[in-house]
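As structure tokens, the structure follows; a few thoughts come after it.
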Amino acid sequence: MKLALNCGILEFNKCGDVGSFFPRQAVIHNPAIRPEELPQFLTKLRHSNLSAKRKQLILWQLLTMVRSSEAVTVEWAEIDFKNKLWTIPAEKMKGGKKSHTVPLSTQALNVLEVMKEISNYSRYIFPFNDKQPNRPMNKETVNNAIRSMEYGGKLVAHGLRSIARHLP
């Protein structure tokens with residue numbers, strides 16, 4: 001329609017206001033905790049009976065504020081330790097068009113140090129298991145872990161990202 005208008009084929013768009021006749025769909029946000037609840041969540045995480053790998057994955061996702069699918073598929077080759085950066089290739093990003101670079105905090109680098117021991121030289125930082133080291137953990141791992149910590153309905157993995165939006 002816009003092309004026809006720009007080329008002078010049409011004088012005006014008869015359908016231009018059609019959207020105003022339909023109700024907007026309500027936005028439903030993912031459950032997330034408030035930033036002031038984070039210390040309690042981290043204490044509960046620390047004392048949970050989750051595996052060290054699952055605990056580190058939750059911390060990694062929280063510290064980098066990425067999607068679950070990006071967090072579980074991070075590879076050692078994507079990490080630039082010298083410059084403290086993680087470059088997520090375009091094909092792993094939601095739109096798949098552009099790579100994304102995440103600066104790594106000291107805490108995120110500490111997660112990587114812990115995972116060097118646990119990942120057992122897998123290409124993935126968070127491998128599925130020792131028998132299948134060249135397969136990443138499932139993107140639902142964080143959601144399952146959060147539910148096991150009794151945060152079901154209060155927090156989901158994607159909600160970890162929204163915590164950053166509410167930081168002072």
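Since every read-out is calculated from the coordinates, none of them should be taken as a lab result. Note that the coordinates shown come from a computational prediction; the quantities given were computed from them, not determined experimentally. Here Cβ is always computed from backbone atoms with ideal geometry, including for glycine, and neighbour counts include all displayed protein chains.
So that you can scan it fast, the table gives a plain yes or no per residue for (1) in contact (Cβ under 8 Å) with a residue 60 or more places away in the chain; (2) out of contact with any Phe, Trp or Tyr (no Cβ under 8 Å at 6 or more places or on another chain):
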| position | (1), (2) |
| --- | --- |
| Phe128 | no, yes |
| Lys131 | no, yes |
| Arg147 | no, yes |
| Tyr151 | yes, no |
| Val156 | yes, yes |
| Gly159 | yes, yes |
| Ile163 | yes, yes |
| His166 | yes, yes |
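Looking at Leu38, Leu10, which is the one that is within 37 Å of the chain's Cα centre (by Cα) and either surrounded by 10 or more Cβ atoms within 10 Å (Cβ to Cβ) or closer than 25 Å to Leu59 by Cα (or both)?
Checking each option against the conditions leaves just Leu38.
Going through segment 63-78 one residue at a time, which ones are touching a Lys or Arg at 6+ places or on another chain (Cβ under 9 Å), farther than 12 Å from Pro127 by Cα and assigned to a helix (DSSP H, G or I)?
Ser68, Ser69, Glu70, Ala77, Glu78 - these are the residues of segment 63-78 that are touching a Lys or Arg at 6+ places or on another chain (Cβ under 9 Å), farther than 12 Å from Pro127 by Cα and assigned to a helix (DSSP H, G or I).
Could you look through segment 89-116, keep only residues that are free of Cβ contacts under 8 Å to residues at least 24 places away in the same chain and under 22 Å from Lys55 (Cβ atoms), and pick out the one that is surrounded by the fewest Cβ atoms within 10 Å (Cβ to Cβ)?
Ranking the qualifying residues of segment 89-116, first place goes to Thr106.
Taking the condition of being of a type in the set (Lys, Arg), over 30 Å from His158 (Cα atoms) and part of a loop (DSSP other than H, G, I, E, B), how many residues in segment 1-42 meet it?
Result for segment 1-42: 1.
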